[in-house]
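Report on the structure given below.
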Amino acid sequence: MITGLSYRAAVSACSLCVAAVLALTPATAAAGPRAGDPAPPPPAATPGPSLLYREGTQVRPHRGAPEVPDVSALSWVVADAGSGEVLAASEAHRRLPPASTLKTLFALTVLPVLPGGLQHTVRYEELEDVGEGSSLVGVEEGHTYQVADLWHGVFLSSGNDAVHVLASMGGGWEATVERMQVKARSLGALDTHVVSPDGYDTPGQVSSAYDLAVFGRAGLHNPDFARYCATAEASFPGDGSPYPIENTNRLLTGEDGVAPYPGLIGIKNGYTSNAGNTLVAAARRGGRTLVVTVMNPQAGGGFTVYEEARELLDWGFAAAGRVDPVGSLDGLRPKSGAATAVPVAAATSGTPDDYSGWSGTAIVAGLSGLGAGAVALRLRAKGGRSTRS
C-alpha cells in the first residue's frame, strides 16, 4: 500500500493548490481586466451608518443637490419613512430630554393592548401623581371615558392626566416604564431611557432625534396611531356636554400664525422648560413620506421648532434622489435571533480601505498551497524517496 507521495506528485499537488489560490484571489489583486473585456463595475457607494454618531451635520450630496438648511436645533434628523434611510442629520444620537414627544413611544407600547371602544371609570389614585404644571386635557375622577377619548387627550392636548389613566389601565406606571424600555430596544432605539411615560421632566430621562424618528416612523404603521396623530380637532367628554379640543401641533392646525404644512400627517410635539421645544413630524408628497425630528431650537421663540421642521421637510423632498443616505432607522434594530443590538458605530467603524478583499476560502486555499510547497521541499531534501509496504 502506498503511504507517501513522490516528489513529482507533491510538486503536482502544490501546483494545483497555487492554481486554486489564484482562482480565488479577489479581483483587486489582479492587474486589471484583459484587453477587450468590459471593466468591472465600481464598488457600490454604501454609506456607513456610523456617520450618525459623528458630530455636526452629516449629509452625502450629489452634485447639484440642495444645500441643507442652517437650523439652530441642538439635534435633528430627516429620514424617508418608507425605506428608513436617513437623508441628513445633525447630532442624531445626542441624548436630550424629549418632553412630550416621548408619548410616541408610550402610544406604540400601550395602544395595542387597550381597544378604543373600552370604557373606564377614572379613580382618584390614577390622577394623584400627575406632575405639577403638566399639560392636561381635563380628565376627571369618577367620570367614565372611552379609551379612544383618552387617546385624543394624549395626542391632541398632550394630556398627562390621560397618560396616567391609560398607564394604570395597561398595568401600572412602573410596568409601563419597563414595557416602554423593552419596546424602544426592540426598535433599535438605544439612546432612550424612560423614567416618566408622559415625558414629564424627570432626572435621567432622555431620548435622541434618531430614536424619536424611529418611534414616529413605527407609529405610522399602526392605523390607530396614524389616525390619532393626524386628528386636528375632537370633542372630549365633560360634565354635562363634551367640549372641543384642538391639536397643539401648529404645523397641522395652522394656529398662532404658523402656516400649516402641505401634506402633513402629524405625529407629536412637546415642550418643557428643561427640554425646550421638540417635534416629530411626518409629511407626504408625491408618493413619498418623510419623518423629521427637531430638538430644542436655540434661536427665535417657541414656534421656531415648526419653522425649522418646515425647512427640513422642504429640503428632504427637494433632495429626493440627490443624496446618498448617511444611515438607516433600521440600522440598530436587533437582527432575528441576535441576543443584543450592537451600536452601528462600533460594528461598522472600519472604512473600505480596511477591507483586504480576501475571502475565508481564499485564505484557506492559500494556506493549503503553502503547506503543499513545504511538503515538496521536504521530500526533495530526502531525495524524493517514497515509502511502500
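Note on GLU132 and TYR243: the model spin-label points, each 7 Å out from Cα along the C-beta direction, lie 2.4 nm apart. A simple packing score, the average count of other Cβ atoms within 10 Å per residue, orders the peptides 317-326, 243-252, 276-285, 118-127 as 276-285, 243-252, 317-326, 118-127, with the highest score first.
Counting only Cα atoms, the size of the range 144-184 along its three principal axes is 27, 19, 14 Å, in decreasing order. Legend: calculated FRET efficiency, ASP70 to GLU178, from the Cβ-Cβ distance at R0 = 41 Å, rounded to 0.05, equals 0.50. A Förster radius of 25 Å, combined with the Cβ-Cβ distance separating HIS193 from ALA320, puts the computed FRET efficiency at roughly 0.15. Quick one: Kirkwood hydrodynamic radius for the range 196-295, alpha-carbon pairs, angstrom, one decimal? About 14.9 Å, per the Kirkwood formula over Cα pairs.
For the range 98-129, the residues whose amide N sits under 17 Å from a probe point set 7 Å from the Cα of SER273 along the beta carbon direction are 98-100. With both labels modelled 7 Å from their Cα along Cα-to-Cβ, the ARG63 to GLU255 distance reads 5.0 nm. The packing ranking of peptides 221-229, 159-167, highest mean first, is 159-167, 221-229, where packing means the average number of other beta carbon atoms within 10 angstrom of each residue. Here the extension length gained between ARG284 and HIS143 equals 46.9 nm, from 0.36 nm per residue of separation less the Cα-Cα distance. Stretching the chain fully between ASP330 and ASP201 yields a gain of 43.6 nm (0.36 nm per residue, less the alpha carbon separation). Computed with a 1.4 Å probe over protein heavy atoms only, the accessible surface of the range 50-165 comes to 40 Å² per residue. Among residues other than PRO112 with Cβ under 11 Å from its Cβ, the summed charge is +1 (Lys and Arg +1, Asp and Glu -1).
The values are calculated or read from the model by the stated rules, or taken from the named source; none is laboratory data. This structure is a prediction, so every number in the text was calculated from the model and none was measured. Backbone-built Cβ (ideal geometry, glycine too); neighbour counts: all protein chains shown. These area figures cover heavy atoms from the full protein model, side chains too; ligands, DNA and RNA do not enter into them. Shrake-Rupley method; radii C 1.70, N 1.55, O 1.52, S 1.80 Å.
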